[in-house]
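Chemist: Provided herewith is a single structure, encoded as structure tokens, for subsequent inquiry.
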Amino acid sequence: MDTQAVTAIALIHQFADTLETLGTPQLHGPTPCSEWTVQDLAAHVATGLFTAAEAFHRARFGSLSPPSEVADSIPADALSDRIRLGAGHLRDALERGPRTWPDIGLRFGRYPFAAALQCLIIEYGVHCNDLTRATTDPAAPLPRAAVDALFGFGAQYLLLQADPFEAPEAAPVAFTLRAPSTSMTVAWDGARWREGEHPDIPVCTIAGSDDDIARLMLRRLDTDELDLDDPHALARGFTAAIRPL
């Protein structure tokens, strides 16, 4: 299998391994995902994973349309088994896939094969971290594979997650994110978001560690927790525009 595929499946099993160690009280505890308990998070992973696996199977068949989401509820004591079942379903698709994959119709968009695997690494890496922070280590960093996958998308990820500004925030503005291993800029030109700096547009620069900047991109961290070069007081616009994962 592709190295990224192996990484994605390993993260899924890591989530299931952690989940199996938890007692009932922990399943009802909060997570970094707003309004989700640990059980809610696990159910999201289980159902979303099966849908993602099915998308790869559909691509093998030649279908680019995304599969329907799984809406059934899952008993708490079956969640880890269902997650492992989903991991097996995904592995089966990846091991039996064509030499050259078509685009994959994931539930949130159509992606080339390599980018679709990056999406899985981000999603399950982030949710592994959500589970760890909720249950064992509140300060655990994101898995490095998830950070690398997120930075691989770079500004394109922010453009996908950015909502149009509404008045009175519609004036042009740019945001530059700087970490030790990456730098990216997105700009609102008054009508739409674009990648890169633009002349005469005021810039807010936000700097931090790789983990901090990745968390900011995911909206797991706020701008006021990072180093700002923000002479025009624009930072709040970033969190207003970028949707959380």
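Chemist: Return only the number of the condition from (1) surrounded by fewer than 17 Cβ atoms within 10 Å (Cβ to Cβ); (2) touching a residue at least 24 places away in the same chain (Cβ under 8 Å); (3) not aromatic (Phe, Trp, Tyr) that Ala241 does not satisfy.
Modeler: The one condition Ala241 does not meet is (1).
Chemist: While we're here: Taking the options Leu131, Leu150, Leu160, name whichever one is closer than 24 Å to Glu35 by Cβ and either surrounded by fewer than 19 Cβ atoms within 10 Å (Cβ to Cβ) or acidic (Asp, Glu) (or both).
Modeler: Result of the check over Leu131, Leu150, Leu160: Leu160.
Chemist: Condition first: in a helix (DSSP H, G or I), loosely packed, with under 13 Cβ neighbours inside 10 Å and either of a type in the set (A, V, I, L, M, F, W, C) or at pLDDT 95 or above (or both). Now tell me which residues in the range 47-77 satisfy that.
Modeler: Answer for the range 47-77, where residues must be in a helix (DSSP H, G or I), loosely packed, with under 13 Cβ neighbours inside 10 Å and either of a type in the set (A, V, I, L, M, F, W, C) or at pLDDT 95 or above (or both): just Phe61.
Chemist: Can you give me the number of residues within the range 1-22 that are more than 24 Å from Asp72 (Cβ to Cβ) and either assigned to a loop (DSSP other than H, G, I, E, B) or in contact with a Cys (Cβ under 6 Å, 6 or more places away or on another chain) (or both)? Quick ask: steps written out before the conclusion?
Modeler: To start, the set of residues in the range 1-22 that are more than 24 Å from Asp72 (Cβ to Cβ) comprises 1-7, 10, 14, 21.
Filter once more, keeping what is either assigned to a loop (DSSP other than H, G, I, E, B) or in contact with a Cys (Cβ under 6 Å, 6 or more places away or on another chain) (or both): 1-2, 14, 21.
Summing the residues that are more than 24 Å from Asp72 (Cβ to Cβ) and either assigned to a loop (DSSP other than H, G, I, E, B) or in contact with a Cys (Cβ under 6 Å, 6 or more places away or on another chain) (or both) in the range 1-22 gives 4.
Chemist: Given the conditions (1) in a helix (DSSP H, G or I); (2) touching a residue at least 24 places away in the same chain (Cβ under 8 Å); (3) surrounded by fewer than 16 Cβ atoms within 10 Å (Cβ to Cβ); (4) not aromatic (Phe, Trp, Tyr), report the number of the one that Ser34 does not fulfil.
Modeler: (1)
Chemist: Just the residues that are small (Gly, Ala, Ser) and buried (at least 19 other Cβ atoms within 10 Å of the Cβ), please, taken from the range 168-226.
Modeler: Listed by number, the residues that qualify are Ala174, Ala179, Ala187, Gly208, Ala214.
Chemist: Being within 12 Å of the chain's Cα centre (by Cα) and not acidic (Asp, Glu) is the filter; apply it to the range 125-142 and report the residue that is farthest from Gly48 (Cα to Cα).
Modeler: Leu142
Chemist: Pairs please, first residue from the range 67-85 and assigned by TED's automatic domain parsing to the domain that holds Phe50, second anywhere and outside any helix (DSSP H, G or I), Cβ atoms under 6 Å, 6+ apart in sequence or on different chains.
Modeler: Arg82/Ile74
Chemist: Something else now. State the number of residues belonging to the range 100-124 that are part of a loop (DSSP other than H, G, I, E, B) and within 14 Å of the chain's Cα centre (by Cα).
Modeler: Adding up the residues that qualify gives 2.
Chemist: While we're looking at this one, here's another question. Any idea which of Asp224, Asp211 is closer than 30 Å to Tyr124 by Cβ, modelled with pLDDT under 90 and not hydrophobic (A, V, I, L, M, F, W, C)?
Modeler: Of the residues listed, the single one that is closer than 30 Å to Tyr124 by Cβ, modelled with pLDDT under 90 and not hydrophobic (A, V, I, L, M, F, W, C) is Asp224.
The values are calculated or read from the model by the stated rules, or taken from the named source; none is laboratory data. Note that the structure is predicted; figures quoted are calculated from it, not measured. Backbone-built Cβ (ideal geometry, glycine too); neighbour counts: all protein chains shown.
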